[in-house]
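*Asks:* Can you keep this structure in mind? I'll have questions shortly.
The values are calculated or read from the model by the stated rules, or taken from the named source; none is laboratory data. Since we're looking at a predicted model, the values are computed, not measured. For neighbour counting, all protein chains shown are included, and Cβ atoms are generated from backbone atoms with ideal geometry for every residue, glycine included. Accessible surface areas use protein heavy atoms only, side chains included; no ligands, DNA or RNA. Shrake-Rupley method; radii C 1.70, N 1.55, O 1.52, S 1.80 Å.
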Amino acid sequence: MAQRDYVSRGRSPQKKKPAGKGKKPAGNAQVNASVAGKLPIVRLIGVFALVIAFGAFLWSIKDNVEDDVDAQTSRPVVPTEESLPELPEEEWEYIKTLPGYEVEVEVKEQEKSDKRYLMQCASFRTRAQAEEMKAKIAFQGLEALIRHSTGSNGDWFRVILGPYESKRDAEKAKHSLRKVNIATCQIWYWNL
């Protein structure tokens, strides 16, 4: 940023003394004015001369390029007379022995219980809040029910899922709901 002279702003411009009759202006002022007028022309001629000299230099070296540089890149690769030996055939033993190592695991069948499970995810004072939670659960592909219950402390709307035949099924649904930040679900026996 250019610096400004704020001190001399308030001063009035200095008046030049008019030259009297027969008096010539000072010699230094006349020389400075003539040099200032010629200076841009001298610079322009100097720059023009440098550009012409640079162009002449480039013109003089254009024919001095070595041809070997292009020849080295275009040489074909000559194969050597020594060829690689043939790869020996490998026999893998695990292909033959692996079928003999079969492991049999006895799995106990899951016993069917007579108990069924439900999962309660929330309990609200208003039906609108319960419907909102039911919609969030529906976006996960699960079907929820809203049960109205009246207790000693007022009316409640419970959001429940189920019935599930096994606790494992209920846990699976609980984990899918936990992925969408519904972590308040609890699994209970079905006793409705």
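*Asks:* Within the set of pairs 6+ apart or on separate chains, which have a first residue in the range 154-167 that is closer than 16 Å to Ala130 by Cβ, a second that is open to solvent by 60 Å² or more (accessible area, probe 1.4 Å) and in a helix (DSSP H, G or I), and C-beta atoms under 6 Å apart?
*Replies:* The qualifying pairs are Phe157/Arg127; Val159/Lys134.
*Asks:* Which pairs turn up if I take residues in the range 171-192 that are under 22 Å from His148 (Cβ atoms) and look for partners that are open to solvent by 90 Å² or more (accessible area, probe 1.4 Å) with beta carbon separation below 6 Å, at least 6 apart in sequence or on another chain?
*Replies:* Tyr189/Lys115; Trp190/Arg116
*Asks:* Residues that are among the small types (Gly, Ala, Ser) and exposed (fewer than 14 other Cβ atoms within 10 Å of the Cβ): which strands (runs of 3 or more DSSP E) entirely in the range 76-192 hold 1 or more of them?
*Replies:* Fully inside the range 76-192 and qualifying: 144-151, 154-164.
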